[in-house]
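Visitor: Take a look at this one; I'll ask things after.
The values are calculated or read from the model by the stated rules, or taken from the named source; none is laboratory data. Keep in mind it's a predicted model, so treat the numbers as computed, not measured. Heads up, the Cβs are rebuilt from the backbone with ideal geometry, glycines too, and the neighbour counts pull from every protein chain shown.
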Amino acid sequence: MNSIEIRELTREYDGIRAVDHLTFDVLPGRVTGFLGPNGAGKSTTMRLLLGLDRPTSGTATIGGRRYTGFTDPLHRVGALLDPQSIHGGRTARDHLRFLAATNRIPMRRVEEVLEQAGIASAARRRVKKFSLGMRQRLGIAAALLGDPGVVLLDEPTNGLDPEGIIWIRELMRSLAAEGRTVLVSSHLMSETAALADHLVVLGRGKLLADTAMEEFIAARSTPRVRVRTSDPARLRAALAREGFELVSADGGRWTVEGIQAEQVGAMAAREGVPVLELSDERASLEQAYLDLTAGHAQFAATH
């Protein structure tokens, strides 16, 4: 089983809890977005999961086992935490060959992941000459080297151009579709909204949300309808009789709070009011996220 299990995970540094009794699961077959303000504990949680740090209490396991207990870790878990940590004097190919040799991975995988990451043409270049985006691609290639069932990526789109961002989005979705467990930490709400099926949100080391993307947004959205009509007076009167208010918006459109487009459409049809445009509106992931985490940011600008 490739699931990630976090149970009552706590890590203290000098009396300050970076991670505070976290409990959640990351399941196979979907992309889980890992969100939270700076200092929320996302990177610490990943480090604890990978055995790079030790918990004060609680457990972080993969399929019921600690990462440090695996004899073939790269076959089980692929991770990108810090692309800048790659030795700059090695070529991209040599970096991957070293990892393959020390983890009993067939050398053919080196060429496969270089192609998959789109950096095969730069395989002989030294890493110190790589741009941030190329280092990201190399780090992702290394994460995929052992064909792992679990993939952890911390800010994978940093430094990537638009083509690279589309590539990582499609890659994460394809890995999840193959039944792998994919956990992606990011500050880019638009990218998380485009690739994640599920969300785990932290704030000051505590779990704030563990839910499906659609449910997360719906729970923080007030139903609102945008409508355009050639007879707003009649529509306003019809809505008022049901306790709703038609409010002027931009571009000759109107909005109605607390109602669904289907209800407005049925009401307009019943009253014979012509409708030129009708749609439901909802909060974006960014709006929903900011609403949830407003009181949990470690650093915030004043206005």
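Visitor: Taking the range 102-131 as the region of interest, how many residues are farther than 22 Å from Asp161 by Cβ, at pLDDT 95 or above and in a helix (DSSP H, G or I)?
Guide: Total meeting the criteria: 5.
Visitor: Another question, if that's okay. What are the residues in the range 112-134 that are surrounded by 14 or more Cβ atoms within 10 Å (Cβ to Cβ) and of a type in the set (D, E, K, R), if any?
Guide: If the condition is that a residue be surrounded by 14 or more Cβ atoms within 10 Å (Cβ to Cβ) and of a type in the set (D, E, K, R), then Glu112, Arg125, Arg126 are the ones that fit.
Visitor: So which residues in the range 145-154 are out of contact with any Leu (no Cβ under 7 Å at 6 or more places or on another chain) and crowded, with 20+ Cβ neighbours inside 10 Å, if there are any at all? Before the answer, list the steps.
Guide: So the first thing to find is which residues in the range 145-154 are out of contact with any Leu (no Cβ under 7 Å at 6 or more places or on another chain), and the list is 147, 149-150.
If the condition is that a residue be out of contact with any Leu (no Cβ under 7 Å at 6 or more places or on another chain) and crowded, with 20+ Cβ neighbours inside 10 Å, then Gly149, Val150 are the ones that fit.
Visitor: So if I check each of Thr192, Thr157, Thr211, which one is in contact (Cβ under 8 Å) with a residue 12 or more places away in the chain, β-branched (Val, Ile, Thr), under 25 Å from Ala288 (Cβ atoms) and in contact with a Ser or Thr (Cβ under 6 Å, 6 or more places away or on another chain)?
Guide: Of Thr192, Thr157, Thr211, the one residue that is in contact (Cβ under 8 Å) with a residue 12 or more places away in the chain, β-branched (Val, Ile, Thr), under 25 Å from Ala288 (Cβ atoms) and in contact with a Ser or Thr (Cβ under 6 Å, 6 or more places away or on another chain) is Thr192.
Visitor: While we're on this one: Determine which member of the set Ala196, Ala177 is under 16 Å from Leu152 (Cα atoms) and in contact with a strand residue (DSSP E or B) (Cβ under 6 Å, 6 or more places away or on another chain).
Guide: Ala196
Visitor: When only residues in the range 65-92 that are outside any helix (DSSP H, G or I) and within 21 Å of the chain's Cα centre (by Cα) count, which is farthest from Thr157 (Cα to Cα)?
Guide: Val77
Visitor: Does Ser43 meet the test of being at pLDDT below 95 and either farther than 20 Å from Leu144 by Cβ or exposed (fewer than 15 other Cβ atoms within 10 Å of the Cβ) (or both)?
Guide: Answer is yes for this residue.
Visitor: Let me ask another. Considering only the range 46-64, how many residues are in contact (Cβ under 8 Å) with a residue 60 or more places away in the chain and over 15 Å from the mean Cα position of the chain (by Cα)?
Guide: Of the residues in that region, 5 qualify.
Visitor: Still on this structure: Hey, does the range 214-232 have a residue that's farther than 30 Å from Gly15 by Cβ, of a type in the set (Lys, Arg), surrounded by fewer than 16 Cβ atoms within 10 Å (Cβ to Cβ) and at pLDDT 90 or above?
Guide: No, the range 214-232 has no match at all.
Visitor: Let me ask something additional. Show the residue pairs meeting these rules: Cβ distance below 6 Å; 6+ apart or different chains; first residue within the range 242-261 and within 10 Å of Arg226 (Cβ to Cβ); second residue exposed (fewer than 15 other Cβ atoms within 10 Å of the Cβ) and of a type in the set (D, E, K, R).
Guide: Within 6 Å, the pairs are Ala261/Asp280.
Visitor: Does Ser248 satisfy the criteria of being in contact with a Leu (Cβ under 9 Å, 6 or more places away or on another chain) and surrounded by fewer than 19 Cβ atoms within 10 Å (Cβ to Cβ)?
Guide: On the way: in contact with a Leu (Cβ under 9 Å, 6 or more places away or on another chain): no; surrounded by fewer than 19 Cβ atoms within 10 Å (Cβ to Cβ): yes.
Considered against the rule, which asks whether it is in contact with a Leu (Cβ under 9 Å, 6 or more places away or on another chain) and surrounded by fewer than 19 Cβ atoms within 10 Å (Cβ to Cβ), Ser248 comes out as no.
Visitor: Does Ala218 meet the test of being outside the structural domain of Ala18 (by TED's automatic domain parsing) and either farther than 23 Å from Leu50 by Cα or among the charged types (D, E, K, R) (or both)?
Guide: It is true that Ala218 is outside the structural domain of Ala18 (by TED's automatic domain parsing) and either farther than 23 Å from Leu50 by Cα or among the charged types (D, E, K, R) (or both).
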